[in-house]
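Structure first, commentary second.
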Amino acid sequence: MDRDKILLTPGPLTTTLRTKLAMLKDWGSWDSDFNAVTASIRHSLLGIIHGHDSHVVVPLQGSGTFSVEAAVATVVPRDGHVLVLDNGAYCKRAARLTTLMGRRCTVLPFDEAVPVSPAALADKLQQDASITHVILIHCETGAGVLNPLQEIADVCAAHDKGLIVDAMSSFAALEIDARKVRFDALVAASGKCLEGVPGMGFAFIRKAILDGCAGRSQSLAMDLYDQYVYMEKTTQWRFTPPTHVVVALAEAIAQFEEEGGQPARLARYTSNYNTLIQGMAALGFKPFLDPAIQAPIIVTFHAPADSRYEFKKFYAAARERGFVLYPGKLTQMETFRVGCIGAIGPREMEQAVHAVAGALQDMGITSAALSN
Ligand SMILES: *Cc1c(COP(=O)(O)O)cnc(C)c1O
């Protein structure tokens, strides 16, 4: 059937028709109408974190990872030393890109089922004075853990260390207030909780460190300082902008504001999450994480213990019913993930649970319980 499937994934995610329709127009990158759209997006983004006084925002072409990489290259001096707080797959990605950017990188490992520890960070900073910057993943999308942004930021501030936050899957859904949380850079993207389409990221950079960022990046295209200076001077993007993505994001932000901004988005996602958890529990599914540390963004479930279970078949059967699930990203055990984000509500989540029940039935599984 010619109907879009519901994407229960951590991006790309389901968008509204209004957002999709915004893309049916061509724009010139030098055109003042288009540049006004860029300016308005940047203004709105700063508003979301209450960052007009303290931060600037720099958009960048590409998927979210491009902006994380660009933020590290732009903010960390070439002889800097980055500490990555690691409790999952996206943390490991941040460590890898930091190393590839030629920065010294140390990883502080944690279990993927618990948040990273501010006390352990404080100890580490005490032990190793050479660390200049810390990278935190706000919501570790790998398992779905919510990390303690405020506490980590406070430890970094107390030790006078730079903090780079990957807030890709939390921005616009969870509260991030630049007046309370001190960070040097915070990165997110168009295609996550703002419910735009994928294709651009953006980094908030603290004004106080901005001038020092000149010339740090060893990459031309990923230099956020240059992108910033050029955009301020000309109102244009430095290189060809993803015009359709930008206008779709403007339309998505308008809907975000009409819905009631971040608190309203969090309320909808929380209601999606609750509907999902209750429905899946009734089928016998057990979430991997303790609910106390689980963000209402993406949920990791244990796969059923039944030997007839196979993710590929399960995925195909749910997809046939119109719902796209996501594979697990844990190393030690068989899991799968279900996203709660996107232009969907509790009704769609109810239908998703129904599709999962049908998928189990197709595989001849009567209960998803782990032991029977
Ligand atoms: C989605 C995501 C990213 C970016 O992934 P891309 O595939 O590059 O868009 C980075 N970090 C986290 C935590 C994410 O959820």
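Quick notes on this structure:
- Check on VAL76, more than 15 Å from the ligand (Cβ to nearest atom), crowded, with 21+ Cβ neighbours inside 10 Å and at pLDDT 95 or above: yes
- Residues of region 305-325 that turn out to be under 26 Å from SER271 (Cβ atoms) and touching a Leu at 6+ places or on another chain (Cβ under 7 Å), as a count: 5
- Among the residues of region 114-133, those that are closer than 19 Å to PRO148 by Cβ and surrounded by fewer than 16 Cβ atoms within 10 Å (Cβ to Cβ) comprise VAL114, ALA119, ALA120, ASP123, GLN126.
- Number of the exception - ARG182 against (1) surrounded by fewer than 21 Cβ atoms within 10 Å (Cβ to Cβ); (2) outside any loop (DSSP other than H, G, I, E, B): (2)
- Annotation: of all residues in region 21-72 being part of a loop (DSSP other than H, G, I, E, B) and within 16 Å of the ligand (Cβ to nearest atom), the one that is nearest to MET222 (Cα to Cα) is GLY62.
- MET333 being assigned by TED's automatic domain parsing to the domain that holds THR270 and part of a helix (DSSP H, G or I): no
- Neighbours by Cβ (under 7 Å, 6+ apart or cross-chain): first from region 217-236, in the same structural domain as THR74 (by TED's automatic domain parsing) and assigned to a helix (DSSP H, G or I); second crowded, with 20+ Cβ neighbours inside 10 Å and among the aromatic types (Phe, Trp, Tyr): MET231/TRP237
- On the stretch given as region 108-147, residues that are under 19 Å from ASP79 (Cβ atoms) and of a type in the set (A, V, I, L, M, F, W, C) total 5.
- If you go through region 274-291 and keep only what is outside any loop (DSSP other than H, G, I, E, B) and either closer than 15 Å to VAL356 by Cα or of a type in the set (A, V, I, L, M) (or both), you end up with THR275, LEU276, ILE277, GLN278, GLY279, MET280, ALA281, ALA282, PRO287.
- Hits in region 138-158 (condition: farther than 17 Å from LEU121 by Cα, among the aliphatic types (A, V, I, L, M) and in contact with a helix residue (DSSP H, G or I) (Cβ under 6 Å, 6 or more places away or on another chain)): VAL145
- Region 326-357: number of residues that are surrounded by fewer than 22 Cβ atoms within 10 Å (Cβ to Cβ), of a type outside the set (Lys, Arg) and out of contact with any helix residue (DSSP H, G or I) (no Cβ under 7 Å at 6 or more places or on another chain): 13
- Screening ALA267, ALA248 for residues that are within 17 Å of ILE341 (Cβ to Cβ) and either basic (Lys, Arg) or surrounded by 19 or more Cβ atoms within 10 Å (Cβ to Cβ) (or both) leaves exactly one candidate, ALA248.
- Of all residues in region 92-108, exactly one satisfies the criterion of being surrounded by fewer than 18 Cβ atoms within 10 Å (Cβ to Cβ) and part of a loop (DSSP other than H, G, I, E, B), namely GLY102.
Condition check ((1) touching a residue at least 24 places away in the same chain (Cβ under 8 Å); (2) within 13 Å of the ligand (Cβ to nearest atom)) across all residues:
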position	(1), (2)
PHE110	yes, no
SER117	no, no
LEU125	yes, no
PRO148	yes, no
HIS159	yes, no
ALA167	yes, yes
SER170	yes, yes
LEU174	yes, yes
ALA189	yes, yes
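- Residue within region 202-214 that is among the small types (Gly, Ala, Ser), closer than 26 Å to PRO12 by Cα and buried (at least 20 other Cβ atoms within 10 Å of the Cβ) present: yes
- Each residue in region 165-179 was checked for being assigned to a strand (DSSP E or B) and out of contact with any His (no Cβ under 6 Å at 6 or more places or on another chain), and 3 of them qualify.
- Residue count for region 191-221 under the criterion of being away from the ligand (no atom under 13 Å from the Cβ) and aliphatic (A, V, I, L, M): the result is 7.
- Residue in region 138-145 that is surrounded by fewer than 19 Cβ atoms within 10 Å (Cβ to Cβ), within 16 Å of the ligand (Cβ to nearest atom) and over 12 Å from the mean Cα position of the chain (by Cα) present: no
The values are calculated or read from the model by the stated rules, or taken from the named source; none is laboratory data. All figures in this text were calculated on a predicted structure; none of them were measured in a lab. With ideal geometry, Cβ positions are generated from the backbone for all residues, glycine too; neighbour counts draw on all protein chains shown.
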